[in-house]
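The values are calculated or read from the model by the stated rules, or taken from the named source; none is laboratory data. Not measured: the values here are computed from a predicted model. Please note: Cβ atoms are built from the backbone with ideal geometry, for glycine as well, and neighbour counts cover all protein chains shown.
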Amino acid sequence: MVAKALKNFFKRIFSNLFSQKRELKLGFYGPPNAGKTSLANRICKDFTGEEIGNVSKIPHETRAVQFKEKVEISYKGKTMTFKIVDTPGIATKIDYEDFLKYKLKKGEAKTRAKEATQGVVESIKWLDDMDVVVVVLDATQNPYNQVNITIIGNLVARKIPVLIVANKIDMKKANIKKVEAAFPEYDVVGISAKYGKNLEEFYESVFKLAKRV
């Protein structure tokens, strides 16, 4: 009886250990208005029914790190649990005057610029806590610039697995080949976060990266 009880006890212990799903921190990084929050929203909406944040045509709508825990993403019969981390857009310079053209008042523009600058610092700090990072780029813009190179460089220095997403492929000016040419050593997946286009390939790539962690 004692031996059987011990056997069942250890069976339950090991069963619990192996049934626990590790929650990987999946960070979304990139320049302002590339579609980080739009992509994070679509993922969270699809698998939790709730979005993670607001989106806007005005740059730096996301000015503080926002996250959603225990997001179970299912793909081809497999499920992985992630902590989705949506970060403020990274920029080398943030000038309040840039917001005035969006009809923001001067005081509001200055506040937005200050918060956005703090958001960039916060984004970089959170890098140390990431398991996998998705760099979201606007496929209609030149990918080879100082901001994108800085982001990739920080990830390389920390040896964090990276997936590059070329977003907005629904737009005529989108050019995935330019993104691939700029960062040939990384996997590049073209998607439309707005319309949910090509997310299957995106999930496949994320799962592949996550297995390396």
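Going through segment 101-133 one residue at a time, which ones are surrounded by fewer than 19 Cβ atoms within 10 Å (Cβ to Cβ), basic (Lys, Arg) and in a helix (DSSP H, G or I)? Residues satisfying the conditions are 106, 110, 114, 125. Take residue 178 and tell me if it is out of contact with any Leu (no Cβ under 6 Å at 6 or more places or on another chain) and on the phi > 0 side of the Ramachandran plot. Answer is no for this residue.
The single condition among (1) part of a helix (DSSP H, G or I); (2) under 23 Å from residue 149 (Cα atoms) that residue 33 does not meet is (1).
Residue 206: part of a strand (DSSP E or B) and either modelled with pLDDT of 95 or more or within 17 Å of the chain's Cα centre (by Cα) (or both), yes or no? Considered against the rule, which asks whether it is part of a strand (DSSP E or B) and either modelled with pLDDT of 95 or more or within 17 Å of the chain's Cα centre (by Cα) (or both), residue 206 comes out as no.
Looking at 68, 101 in this structure, which one is farther than 20 Å from residue 118 by Cα and free of Cβ contacts under 8 Å to residues at least 24 places away in the same chain? Spell out how you get there, then give the answer.
Details: 68 fails: free of Cβ contacts under 8 Å to residues at least 24 places away in the same chain.
Selected residue: 101, the only one of 68, 101 that is farther than 20 Å from residue 118 by Cα and free of Cβ contacts under 8 Å to residues at least 24 places away in the same chain.
Conditions (1) without any contact (Cβ under 8 Å) to a residue 40 or more places away in the chain; (2) β-branched (Val, Ile, Thr); (3) touching an Asp or Glu at 6+ places or on another chain (Cβ under 6 Å), marked per residue:
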position: 117; (1), (2), (3): yes, yes, no
position: 126; (1), (2), (3): no, no, no
position: 131; (1), (2), (3): no, no, no
position: 144; (1), (2), (3): yes, no, no
position: 154; (1), (2), (3): yes, no, no
position: 175; (1), (2), (3): yes, no, no
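Scanning segment 88-98 for residues that are touching a residue at least 12 places away in the same chain (Cβ under 8 Å) and not hydroxyl-bearing (Ser, Thr, Tyr) yields 88, 89, 90, 91, 94, 95, 97, 98.
Yes/no per residue for (1) over 22 Å from residue 57 (Cα atoms); (2) among the small types (Gly, Ala, Ser); (3) out of contact with any strand residue (DSSP E or B) (no Cβ under 7 Å at 6 or more places or on another chain):
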site	(1), (2), (3)
90	no, no, no
93	no, no, yes
114	no, no, yes
119	no, yes, yes
135	no, no, no
